[in-house]
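Reading through the structure tokens given below for one structure.
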Amino acid sequence: MTERRNVRTFERVAEDAQANVRPVSTARFNAITGTLTVTIVKEVSGEVREYEVFDEAVTTVTERPPDIGRSVISLPFDVVLAPFDKSAQRELPTLFQYRELERSQRVHTDRISADGKPLGRQGVTRRPWPGLSVSLSIEEGPPRQRQNDADGEAVFDLYDAIDTAGQLLDHDYLSLKVWAEVGGKKVETPIILAGADFAALRRLTANYAAEKGRQARSSGDHSDAAKRFRLAAELGAPEAQYLLAEMYRDGQGVPQNQRDARHWTERAARQGHASAQLALAEGMGQGAEAYVWASLAAAQLRDDQRRRAVALRDSLATRLKAEDLRAAQAQATRFAAVPEMRDESLTALAAQAEPPPPLDATRLKGKPKPNAAALIIGIEDYLTLPMAQFAGRDARAFGEFATNALGMEPARVKVLTGAEARLLDIEKAIDTWLKAEIQSGATEIYVFFAGHGLASPDGRELYLIPHDGDRAILKRSAIDRDRLIAGILGHGAANVTLFLDTCYSGGTRNGASLIADARPLMIVPKDQGLPPAANLLAAAGNDQLSSSYGPARHGLYSYFLMRGLMGDADADGDRVLTLAELSTFVQRNTRREAARLGRDQSPVLAGDGEKVVMRW
């Protein structure tokens, strides 16, 4: 017996109605586990149909057949002799029935109906593309392969993929590349790991290498232990530095070298490693510096090591002059461990530990704007360009602010993210959807874009790059900013206001980003100005970078833009927010946070500063 349960519907492109198929690759890094998950899906366009998905319960019953001979013998004598008696007839059927012995049930979840209901429209569906060999290379190094699973996912342990400390020390970012051969075609995705993610990978790699070193030493493989300890030590792990020093001191796994042993012992001691501090003090013999290290070790160690440190400290104290002893004691009191971490990594981690206030699109409900519309675009994953970190998240959040703080009707807000923001998708949205929303001379249009931008080689044209944009054919594959404005005004809009979290400079021409968690793609653009009915609040000056803001998981500019729309930018408290007020707030906060990251980013306002953005 079969029963359908939990029946629901979903839409997708039918298998037999595929007009176009292309592979799409995305990647995400988990800063807690240190793993990079690469997902390859099959993007199918064609006729959309509605299908049923359900849980199928199959019940199986085991029965015992009747024993007819035994049943007849067991019948009452009067029933056998009088089979046509009505009372006997009522008893006969029960004697010849099958009897249930066992009942079992299996439930198959997420079954899909074979036939779909045509919906009369075209669309796009993504499905996992399993069974592919996915390759990963770090900084153009040798590739590593993984087979992706039934969900199209291949998982790489990045903390185990780092071969040299230089990969994490020479830059403040890590350049990765993943690719797969799909249907005879190479699908490639460049990835930039930076900010808090980069700092987390460095820490995880050091910890993992140190642990593998301890395991190798326990098993007697001193050569591998020394190799592992060196990687962790160069990345700044104090325990690994101390253990590597011991191996140099004893000549285990490396040639015996007392100078190298002293070097690594000092590095560990300056980071506050107590055993290294004791070893350093014992190796110095006499003097005030030995007293300082012995005092620091005695304050942290336990048991036998503490007794050794105390004995050495007290012995040294008897040999020092009174003024030298006081100076050494004061120096020990003032000692502060200095972790071997780059400033930017420390800043990222500190900010990660104390995240900024989250955005809340529902804090203010702006007065309705029945004759306003918004086109919102956020592109995080590009087909041929590095990732624009958090851009999709920015766009989705701004969409919520458009319907709340800006007071627009949900039907008049269109959000395009990721693969939905290809060149043709954006052009179609402008020339069909947006055009239909415009009432000539009366409609206000808002455009939000988060993603990559680039200027033409002569700097005269400024382009917003869609999901499928290609720098090699920039003019044909990207959105010309000035033509975008002219097109919207040409459709009859009363005015257009653009919020652009992008920039037009800051990268090399070989495809690599100079600053890993920035959003640039070094050309200095020549801005030609804006038409009178256009306003622009841009994330950065033409020769600056538009940064991401890891602690908030948003673009730096986008975060403070939306903080301003929460009412924080209303400087005079009149519950009316002008573009000038919003610009002042965004500029002040963006510049401050960018400076903390060691960058120069100052948002720019062009147009009518008195324009009212929202009332509440």
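The values are calculated or read from the model by the stated rules, or taken from the named source; none is laboratory data. Since we're looking at a predicted model, the values are computed, not measured. Here the Cβ positions follow ideal geometry from the backbone for every residue, glycine too, while neighbour counts run over all protein chains shown. These area figures cover heavy atoms from the full protein model, side chains too; ligands, DNA and RNA do not enter into them. Shrake-Rupley method; radii C 1.70, N 1.55, O 1.52, S 1.80 Å.
Find the residue count for segment 1-17, including only residues that are open to solvent by 70 Å² or more (accessible area, probe 1.4 Å) and of a type outside the set (D, E, K, R).
Total satisfying the criteria: 5.
Can you give me the number of residues within segment 18-41 that are charged (D, E, K, R) and open to solvent by less than 60 Å² (accessible area, probe 1.4 Å)?
1
Report, ordered by the first and then the second residue, all pairs with beta carbons closer than 7 Å, sequence separation of six or more or different chains, a first member in segment 588-616 that is of a type outside the set (A, V, I, L, M), and a second member that is assigned to a helix (DSSP H, G or I) and open to solvent by 40 Å² or more (accessible area, probe 1.4 Å).
Arg596/Thr347; Gly598/Glu344; Gln601/Arg591; Ser602/Gln587; Ser602/Arg591; Pro603/Gln587
Look at Asp574 and say whether it is among the acidic types (Asp, Glu), open to solvent by 10 Å² or more (accessible area, probe 1.4 Å), over 23 Å from Gln389 (Cβ atoms) and not in a helix (DSSP H, G or I).
yes
Which members of segment 469-478 meet the condition of being open to solvent by 40 Å² or more (accessible area, probe 1.4 Å) and in contact with an Asp or Glu (Cβ under 9 Å, 6 or more places away or on another chain)?
Lys475, Arg476 - these are the residues of segment 469-478 that are open to solvent by 40 Å² or more (accessible area, probe 1.4 Å) and in contact with an Asp or Glu (Cβ under 9 Å, 6 or more places away or on another chain).
Pairs only if they're at least six apart or on different chains, beta carbon under 6 angstrom, first in segment 29-55 and within 16 Å of Glu15 (Cα to Cα) and part of a strand (DSSP E or B), second open to solvent by less than 10 Å² (accessible area, probe 1.4 Å) and modelled with pLDDT of 90 or more; list them, first residue then second.
Qualifying pairs under 6 Å: Val41/Gly152.
Within segment 286-329, restricting attention to residues that are outside any helix (DSSP H, G or I) and small (Gly, Ala, Ser), which residue is most open to solvent (accessible area, probe 1.4 Å)?
Ala299
Give the number of residues within segment 479-492 that are open to solvent by 10 Å² or more (accessible area, probe 1.4 Å) and aliphatic (A, V, I, L, M).
4
What is the one condition in (1) in contact with an Asp or Glu (Cβ under 8 Å, 6 or more places away or on another chain); (2) surrounded by 24 or more Cβ atoms within 10 Å (Cβ to Cβ); (3) at pLDDT 70 or above that Arg519 does not satisfy?
(3)
Say whether the condition of being within 25 Å of Leu489 (Cβ to Cβ), in contact with a Phe, Trp or Tyr (Cβ under 9 Å, 6 or more places away or on another chain), surrounded by fewer than 23 Cβ atoms within 10 Å (Cβ to Cβ) and modelled with pLDDT of 95 or more is met by at least one residue in segment 387-404.
Yes, because at least one residue in segment 387-404 is within 25 Å of Leu489 (Cβ to Cβ), in contact with a Phe, Trp or Tyr (Cβ under 9 Å, 6 or more places away or on another chain), surrounded by fewer than 23 Cβ atoms within 10 Å (Cβ to Cβ) and modelled with pLDDT of 95 or more.
If you go through segment 446-462 one residue at a time, how many are aromatic (Phe, Trp, Tyr) and at pLDDT below 85?
0
Check segment 118-135 and report whether any residue there is over 30 Å from Asp160 (Cβ atoms), modelled with pLDDT under 80 and surrounded by 15 or more Cβ atoms within 10 Å (Cβ to Cβ).
no
Inside segment 110-147, can you point out the residues that are of a type outside the set (Val, Ile, Thr), part of a strand (DSSP E or B) and more than 17 Å from Ser45 (Cα to Cα)?
Of everything in segment 110-147, those that are of a type outside the set (Val, Ile, Thr), part of a strand (DSSP E or B) and more than 17 Å from Ser45 (Cα to Cα) turn out to be Asp110, Arg111, Ser133, Ser135, Leu136, Ser137, Arg144, Gln145, Arg146, Gln147.
Just a yes or no: is a residue in segment 260-272 of a type in the set (A, V, I, L, M), crowded, with 16+ Cβ neighbours inside 10 Å and over 30 Å from Ala200 (Cβ atoms)?
So far as segment 260-272 goes, yes, one or more of its residues are of a type in the set (A, V, I, L, M), crowded, with 16+ Cβ neighbours inside 10 Å and over 30 Å from Ala200 (Cβ atoms).
Against the definition (open to solvent by less than 90 Å² (accessible area, probe 1.4 Å), at pLDDT below 85 and polar (S, T, N, Q)), how does Ser45 come out, yes or no?
no
Given the criteria of a type in the set (Ser, Thr, Tyr) and either more than 30 Å from Arg599 (Cα to Cα) or crowded, with 22+ Cβ neighbours inside 10 Å (or both), does Thr205 qualify?
In short, yes.
Hey, among Ala200, Ala150, which residue is open to solvent by less than 70 Å² (accessible area, probe 1.4 Å) and either farther than 23 Å from His467 by Cα or in a strand (DSSP E or B) (or both)?
Ala200
Take Gly487 and tell me if it is more than 30 Å from the chain's Cα centre (by Cα), modelled with pLDDT of 85 or more, in a loop (DSSP other than H, G, I, E, B) and not hydroxyl-bearing (Ser, Thr, Tyr).
So Gly487 does not fit the description; no.
Are there any pairs, at least 6 apart or on different chains, whose C-beta atoms fall under 6 Å, with the first in segment 461-483 and closer than 19 Å to Ser25 by Cα and outside any strand (DSSP E or B) and the second open to solvent by less than 30 Å² (accessible area, probe 1.4 Å) and among the β-branched types (Val, Ile, Thr), and if so, which?
Listed by first residue and then by second, the contacts come to Pro466/Ile426; His467/Ile379.
Considering segment 358-386 alone, what residues qualify as being in a loop (DSSP other than H, G, I, E, B) and open to solvent by less than 40 Å² (accessible area, probe 1.4 Å)?
Within segment 358-386, Ala361, Leu364, Gly366, Lys369, Ile379, Tyr382, Leu385, Pro386 meet the criteria.
Of all residues in segment 578-616, which are surrounded by 14 or more Cβ atoms within 10 Å (Cβ to Cβ), touching an Asp or Glu at 6+ places or on another chain (Cβ under 7 Å) and farther than 18 Å from Ala538 by Cβ?
Leu597
Which is among the hydrophobic types (A, V, I, L, M, F, W, C) and either modelled with pLDDT of 90 or more or more than 25 Å from the chain's Cα centre (by Cα) (or both), of Ala210, Ala194?
On inspection, the qualifying residue turns out to be Ala210.
Return the residues of segment 162-188 that are in a strand (DSSP E or B) and farther than 23 Å from Arg146 by Cα; say none if nothing qualifies.
Of everything in segment 162-188, just one residue is in a strand (DSSP E or B) and farther than 23 Å from Arg146 by Cα, namely Tyr173.
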